Amino acid sequence: MELSVTAVSNASYPITIFTWPNILNPGNAQLRGQIRGFDRDTAEPMEMRTRCTKRGAYIFVLGGIDDDCFFTLEPGQPMKFNASFGVADGAALPGHRYLIDVQSGEQVDWWKKGRKEDVLNLPGQDRGACYADGQPIALSIDEPVEFKVLPLDN
């Protein structure tokens, strides 16, 4: 299965966001326990695949090790973020309906006005990229996602 999250910026200018610690990195968010699942038929929580993720300091350098976590959102243009979606073995039962949602309080802590190539530090050049341009941006979810597990045909 695949999980997609779409972001749309309401700003009137491009902004670059860092997605590693939030739902806009859906694969990482699932591993960190930021996505919750519920069995709609039994009202029980669904066990998700999670693991402790540790890492060093964020690197705000164009082409650096965190480069793939920086994205520029253009005003009003949807951007889709995709990842594989998995639940713990045996957690999703054929024929059951499930609902997945994210924890409340999701936000983008780091963002900068401008495009990625213009705001990130260059190797050997400090542009002040490690400092966000403002307060965190709250993320709102339009609605939780419902899905049904179908039995495999033998």
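Readers should treat all values here as calculations from the given coordinates under stated rules, not as data from a laboratory. Here the structure is a predicted model, which is why all the values come from computation and not from measurement. Positions of Cβ are generated from backbone atoms using ideal geometry, with glycine treated the same way; all protein chains shown enter the neighbour counts.
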Amide hydrogen neighbours beyond the local backbone of Phe85, cut-off 5 Å, H modeled | Glu2, Leu3
Based solely on its DSSP helices, what 222 nm [θ] is calculated for the chain when runs of n ≥ 4 H residues each add -39,500 (n - 2.57) and the sum is averaged over all residues, nearest 500 deg cm²/dmol?
-> -1000 deg cm²/dmol
List the lysines whose Cα lies under 19 Å from the Cα of Lys116, skipping any in the same chain that are fewer than 8 positions away.
-> Lys80
Which cross-chain or sequence-distant (5 or more) residues have an amide H under 5 Å from the amide H of Gln107, H modelled 1.01 Å from N in plane?
-> Ile23, Leu139
Net charge near Val119 (other residues with Cβ under 11 Å of its Cβ; Lys, Arg +1; Asp, Glu -1) is +2
How much net charge surrounds Asp41 when only other residues with a Cβ under 13 Å from its Cβ are counted (Lys, Arg +1; Asp, Glu -1)?
-> 0
Relative contact order (percent) for region 2-146, with alpha-carbon contacts under 8 angstrom and 6 or more residues of separation?
-> 34
Peptide ranges 139-147, 97-105 listed from the most packed, as the mean C-beta count within 10 angstrom indicates = 97-105, 139-147
Taking the Cβ of Arg55 as the center, what net charge do the other residues with Cβ under 12 Å away carry, scoring Lys and Arg +1 and Asp and Glu -1?
-> +1
Which labelled figure in (i) 18.3; (ii) 17.1; (iii) 15.4 is Kirkwood radius over Cα pairs in Å, once derived from the coordinates | (ii)
